[in-house]
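Asks: Provided herewith is a single structure, encoded as structure tokens, for subsequent inquiry.
The values are calculated or read from the model by the stated rules, or taken from the named source; none is laboratory data. Since the structure is predicted, the reported quantities are computational estimates derived from the model, not experimental observations. Cβ sites come from the backbone with ideal geometry, for glycine too, and all protein chains shown count toward neighbours.
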Amino acid sequence: MKKKVLTLDDLYSFFEQRNQTTVFSAKESGYNIAVQVPAKFELEDSDEDDGFLRTKFKVNHLYENRNKSYISEEAQLEALPSLHYRPVLAAITTLSDGTTDFTSHAMEFDDEGNITYIEQPIGVFVNPEGYHLEYDKDHDKTYVIADAVIYNDYCAPACEIIQRKQGSKVSCELSISELSFDTKDKVLHLDKFRYNGVTCLGTDPITEKPVEEGMEGARLDIADFSEENNSLFTNTEEKLLKVIQSLQETLAKFEIEEPTKGGNQTLKLNELLEKYSKTVEDLDFDYESMSDEELEAKFAELFEGTEDPDEPVKEPVADPEADPESNDNSEFSNKKRYTKKENGNTEVTFEISHEDVRGALYTLLSTWEENDNEWYFINATYDDHFVYSNWDESKIFRQGYTKDGDAVSLSDERTELFKEYLTLSEKSELEELRSNYAALQNRINEYESKDKEAVLGAEIYTELKNREDFKELIKNQAIYSVEEVQTRADAILGKYVKEKGTFNYQQKPSAIGFTEPKKAKKPYGSLFKD
């Protein structure tokens, strides 16, 4: 049976049909209620080319709604911060005329009734300081206004739809922890709630008609509205963490931060990195939470006086016109270091940044995305490999890469990774098993080392001890098994015999000595001799 998505209208109808004054509390019931409410957003004009499509959402309005639900200003202001970093989801379909559009709350069921959500994250709500209430004179309503960004680099099809439609209708999910329904005024009061996220709405892929929300002709129980049964965002926190981290990294490059304590931290950090000829990768402390004064003190503590006085002083070239090569059009904006030598000449060196590497890897991943029909996100980047996964981490891979100047390329085949969820006791048992295995492996290595030494120290190989190939075998014995050491030693011996044409090894004969027992002395001589 195809799952229906329950709306605020459905919730009101449920209480109206029961016709009982009701007070609901998540603390008493043990679950929150999740419902969908209609909303919309518009495309904002922006000249910024920062990899984001900027949008303004008109989420919901205050006071009494057309469906007889009611949100007070106090309850709304309390819920407003919960929008921050909530996801924007979408599923895309191709219509019969070849155009694309959003669908709705798309999901699939397996034979056991388990749900797989087809929707994928395409953006996130940002700029919480800008969330506000705004009065709409035309509709005589006060709306919640919030900014969100759509990730243009990795969600290009979604951005194309939004730009073509100049926005989209959406369904916003509310997680309600306290509500009340009074049979006298027939109004459903939402006393405490938070936002879970929004889903873009468009066209039904089967009927090709605008998506209609709601459940028709169904018998409901209050538990049907629980987050477990009705939420489209259950357990998405962990799944979306990597998306949000990636968004944060990009946002950090383009959003203007408020000056704190000693001034703008980003400017001060760049200034100190330039002063001490360091990069962000060289910093092993939490610089993001420090003020300008704390940054200066920390840099002085770690790096003051560590410069080599014989090295030339590195100075930035302030005027780009003085260095015509500074305006390069390479694929990645590499960091440049300008080194002024003692003779006055300036030497330009390039350093590919961590952001450049990630950007290049995302470009290289596009081939896998096309082949696998997935959207991949990079979880972690290391010096020679990185880990990436699809949006819900049902597929995780490790892939090697190499850097040659500012060129980044994939190396080796990708390796699939798996993660397990363990209880505390299971985790302890696994760690103990690993510890025991390591100890056992060390014990085996010790035994094998003694066996290898016994093989190489055998008398039959005495004539080989001054040969370079035999010395090399002794040096590298750790990388071979006992059998391999024996085989290689015999091969060197065979080579030695072939070169010499003879082999004079003779095993020394073993001698076994017998001693005739001495005659026992009789204490009384022959006195009692028969």
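Asks: Quick check: anything in the stretch 115-132 in the same structural domain as Ser72 (by TED's automatic domain parsing), assigned to a strand (DSSP E or B), at pLDDT 85 or above and exposed (fewer than 12 other Cβ atoms within 10 Å of the Cβ)?
Replies: yes
Asks: Whether any residue in the stretch 168-184 is of a type in the set (D, E, K, R), assigned to a loop (DSSP other than H, G, I, E, B) and closer than 30 Å to Arg18 by Cβ is what I want to check. Step through it out loud before you land on a result.
Replies: Taking the stretch 168-184 as the starting set, the residues that turn out to be of a type in the set (D, E, K, R) are 169, 173, 178, 182, 184.
Going one step further and asking which of them are assigned to a loop (DSSP other than H, G, I, E, B), we end up with 184.
Filter once more, keeping what is closer than 30 Å to Arg18 by Cβ: 184.
There is at least one residue in the stretch 168-184 that is of a type in the set (D, E, K, R), assigned to a loop (DSSP other than H, G, I, E, B) and closer than 30 Å to Arg18 by Cβ.
Asks: Looking for something touching an Asp or Glu at 6+ places or on another chain (Cβ under 7 Å), among the β-branched types (Val, Ile, Thr) and either assigned by TED's automatic domain parsing to the domain that holds Glu393 or modelled with pLDDT of 85 or more (or both) - is there at least one such residue anywhere in the stretch 190-207?
Replies: Among the residues of the stretch 190-207, at least one is touching an Asp or Glu at 6+ places or on another chain (Cβ under 7 Å), among the β-branched types (Val, Ile, Thr) and either assigned by TED's automatic domain parsing to the domain that holds Glu393 or modelled with pLDDT of 85 or more (or both), which makes the answer yes.
Asks: Restricting the first residue to the stretch 488-510 and requiring it to be farther than 13 Å from Glu463 by Cα and outside the structural domain of Ala478 (by TED's automatic domain parsing), which pairs with a second residue that is at pLDDT 55 or above and not small (Gly, Ala, Ser) meet a Cβ separation below 9 Å and a spacing of at least six or different chains?
Replies: Gln507/Glu459; Gln507/Ile460; Lys508/Glu459
Asks: On to the next question. Go over the candidates Lys56, Lys40 one by one and state the one that is at pLDDT below 65, touching a Phe, Trp or Tyr at 6+ places or on another chain (Cβ under 9 Å) and part of a strand (DSSP E or B). First the steps, then the outcome.
Replies: On the way: Lys56 fails: at pLDDT below 65.
Just a single option satisfies the conditions, and that option is Lys40.
Asks: Residues being aromatic (Phe, Trp, Tyr), under 30 Å from Glu119 (Cβ atoms) and touching a residue at least 40 places away in the same chain (Cβ under 8 Å): count how many of those fall in the stretch 356-414.
Replies: Just the residues of the stretch 356-414 that are aromatic (Phe, Trp, Tyr), to begin with: 362, 368, 375-377, 382, 386, 388, 391, 397, 401.
Imposing the further condition that a residue be under 30 Å from Glu119 (Cβ atoms) reduces the set to 362, 368, 375-377, 386, 388, 391, 397.
After this cut, where a residue has to be touching a residue at least 40 places away in the same chain (Cβ under 8 Å) as well, the list is 362, 368, 375, 377, 391.
Of the residues in the stretch 356-414, 5 are aromatic (Phe, Trp, Tyr), under 30 Å from Glu119 (Cβ atoms) and touching a residue at least 40 places away in the same chain (Cβ under 8 Å).
Asks: If Ser394 satisfies every condition in (1) over 14 Å from the mean Cα position of the chain (by Cα); (2) small (Gly, Ala, Ser); (3) within 17 Å of Gln120 (Cα to Cα) but one, which is the exception?
Replies: (1)
Asks: Can you find even one residue in the stretch 92-106 that is surrounded by fewer than 21 Cβ atoms within 10 Å (Cβ to Cβ), in a helix (DSSP H, G or I) and at pLDDT 75 or above?
Replies: Within the stretch 92-106, none of the residues are surrounded by fewer than 21 Cβ atoms within 10 Å (Cβ to Cβ), in a helix (DSSP H, G or I) and at pLDDT 75 or above.
Asks: Another question, if that's okay. Any residue at all in the stretch 440-459 that is touching a Ser or Thr at 6+ places or on another chain (Cβ under 8 Å) and surrounded by 13 or more Cβ atoms within 10 Å (Cβ to Cβ)? Quick ask: steps written out before the conclusion?
Replies: Here is the first cut: in the stretch 440-459, the residues touching a Ser or Thr at 6+ places or on another chain (Cβ under 8 Å) are 448.
With the extra rule that they be surrounded by 13 or more Cβ atoms within 10 Å (Cβ to Cβ), the set shrinks to 448.
Yes, some residue in the stretch 440-459 is touching a Ser or Thr at 6+ places or on another chain (Cβ under 8 Å) and surrounded by 13 or more Cβ atoms within 10 Å (Cβ to Cβ).
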